[in-house]
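Beneath this line is the structure, given in structure tokens, with notes to follow.
Since every read-out is calculated from the coordinates, none of them should be taken as a lab result. All of these numbers come straight from a predicted model, not from anything done at the bench. Here the Cβ is made from the backbone with ideal geometry for all residues, glycine too, and neighbour counts use every protein chain on show.
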Amino acid sequence: MEKEKHILANSEKLYSQLGHAYESLYGEGRALDWAGLAMSHAEEAAAVDENVQELKESMDSAYYTLEEATFSLRDHMDSLSFDPDRLNEIEGRLEEIKKLKRKYGNSVTEILEFASELEEEMESLSNKEEKLEELEVQIQETALDLKVEADTLTDLRRQAGEKLAEDVKHELQALFMEKAVMEVRIQPANKGYTYEWDQGVSYFNENGQDQVEFLMATNAGEPLKPLAKVASGGEISRIMLALKTILAGFQHVTSIIFDEVDTGVSGRVAQAIAEKIYHVAKGAQVLCISHLPQVAAMADTNLCIEKKEKEDRVITNIRPLKEQQKTDEIARMISGVEVTELTRDNAQELLTMAEKIKSNA
């Protein structure tokens, strides 16, 4: 429309310029006559000198091309017409498009997309009842699929929960919690997306239809209680170590971080935890933060973490320990601040025992 508007608005000028061009080619003293005369002279010259033949053929081609262009000029002039009504119509439509752009989009494409959205909305409103019925059918079908998938997930959870409870019990036996019993309790969720079935109400969320709880009894004769309410700090440490040991084999991790999983334990339990952590380290890199000398002695590499005050700021420094430094630090962990020859001997004994355990593992 912009191009057509430009042509209509300049139709008189366009017709005049085309007319001049046509007259120059085909009017009185027309250029075509002169070109034809030149072509004739060249033909006579070519009869005398064959070297002129190629030039003569070029002039022939130029003449016929010019003649064809002249006739095309005439045809185009005949097709031109000045239509004020058409010009007004185009200007009106272009102005309307500008208004639509200000309101509905920056381009004609965006305006058409908005119009399409309005048409769809109008259609849905005009067929509201039918649309609601279609949506209800879709909800029913989707809910049925959801229930099937959720039931499958629940079954898989029950199977995995039973195996996990058995594996945790086995791991805890090695950590001197022989009487500990674990249960993974799976119950229907009580909140989430609600859907009513013939058999009652079900709740769904992004994790399925289950509410999962870990229950534990750490001593014989005790009832099962939620894990957070039944275990002491030392027991929690061992339970978390057991869980991480088991799950590491399924998660395909390459690095595991134990942040003081030995809290609240000592003696033979500390030694058992140290050996369990080393067992995990055989299949993955283990980074372990510990205050227990038994755990530190089992490590292949020891890093000492120190905090110092510098210019009114506390700076944390980490440095690798060499063999003698490793012995001194473990001795400090055993005795506290003062390191004696006896504590150093104890530290060396722990390191020797650790190397023996690792070589036999």
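Scan around F82 for amide H atoms under 5 Å from its own, H built in the peptide plane at 1.01 Å from N, and keep only partners 5 or more places away or cross-chain.
Hits under the 5 Å cutoff: none.
To the nearest 20 debye, what is the magnitude of the charge dipole of the chain about its Cα centre, counting +1 on the Cβ of each Lys and Arg and -1 on the Cβ of each Asp and Glu?
Using only the charged Cβ atoms, the result is roughly 3740 debye.
Would you mind getting me the FRET efficiency between S72 and L132? Use the beta-carbon distance for r and R0 = 41 Å, nearest 0.05.
0.05
Over the range 241-346, what is the percentage of antiparallel beta bridges among all DSSP beta bridges, to the nearest 5?
60 percent
Taking the Cα-to-Cβ direction at Y104 and at K307 and moving 7 Å from each Cα, how far apart do the two end points lie in nm?
6.6 nm
Between F82 and N360, what length in nm is gained on full extension when 0.36 nm per residue of separation is reduced by their alpha carbon distance?
Roughly 89.7 nm would be gained on extension.
Taking the Cβ-Cβ separation of H41 and E4 as r and a Förster radius of 35 Å, what is the calculated FRET efficiency to the nearest 0.05?
The formula returns an efficiency of 0.15 here.
I need the trypsin sites (Lys or Arg not before Pro) found in the range 98-197, filtered to DSSP loop residues with at most 11 other beta carbons within 10 Å of theirs.
Answer by residue number: K191.
Report, in whole Å, the centroid distance computed from the Cα atoms of the range 154-181 and the range 196-268.
The two parts, judged by their Cα centres, are 10 Å apart.
Determine the distance separating the Cα centre of the range 46-101 from the Cα centre of the range 334-359; give it in Å without decimals.
After rounding, the separation between the Cα centres reads 103 Å.
For the chain, what is the mean residue ellipticity at 222 nm derived from helices alone (per DSSP H run of n ≥ 4: -39500 (n - 2.57); sum divided by total residues; nearest 500 deg cm²/dmol)?
For the chain, the value works out to -21500 deg cm²/dmol.
Charges only on Cβ, +1 for Lys and Arg, -1 for Asp and Glu: so what's the dipole of the range 26-159 about the Cα centre, in debye to the nearest 20?
Computed about the Cα centre, the dipole is about 780 debye.
Given K179/K326; K3/K103; K191/K225; K225/K276; K169/K229; K98/K128, which pairs have Cα atoms separated by over 28 Å?
K179/K326; K98/K128
Quick one: length gained pulling K163 to S61 fully straight, 0.36 nm per residue minus the C-alpha distance?
27.4 nm
Can you tell me the orientation of helix 31-48 relative to the chain, as the angle in degrees between its alpha-carbon axis and the longest Cα principal axis, to the nearest 10?
90 degrees
Quick one: compute the contact order of the range 143-262, relative version, from alpha carbon pairs under 8 angstrom and 6+ residues apart, as a percent.
22 percent
Please tell me the relative contact order of the chain in percent, rounded to the nearest whole number, where contacts are Cα pairs under 8 Å and at least six residues apart.
8 percent
As I understand it, the dipole of the range 1-140 uses +1 on the Cβ of Lys and Arg and -1 on the Cβ of Asp and Glu, about the Cα centre. Which of A45, L118, G92 lies farthest toward its positive end?
My answer, from the dipole projection, is G92.
At a 10 Å Cβ-Cβ cut-off, how would you order Y104, Y203, fewest neighbours first?
Ordered from fewest to most neighbouring Cβ atoms within 10 Å, Y104, Y203 come out as Y104, Y203.
Compute the long axis of helix 267-281 from its Cα atoms, compare it with the longest principal axis of the Cα atoms of the chain, and write down the angle in degrees, 0 to 90, nearest 10.
Compared with the principal axis, the helix lies near 30 degrees.
Peptides 50-63, 114-127: what's the order by average Cβ count within 10 Å, highest mean first?
In decreasing order of mean packing, 50-63, 114-127 become 50-63, 114-127.
Only counting other Cβ atoms within 10 Å, I'd like I90, I7 sorted with the fewest neighbours first.
So the ranking, lowest neighbour count to highest, is I7, I90.
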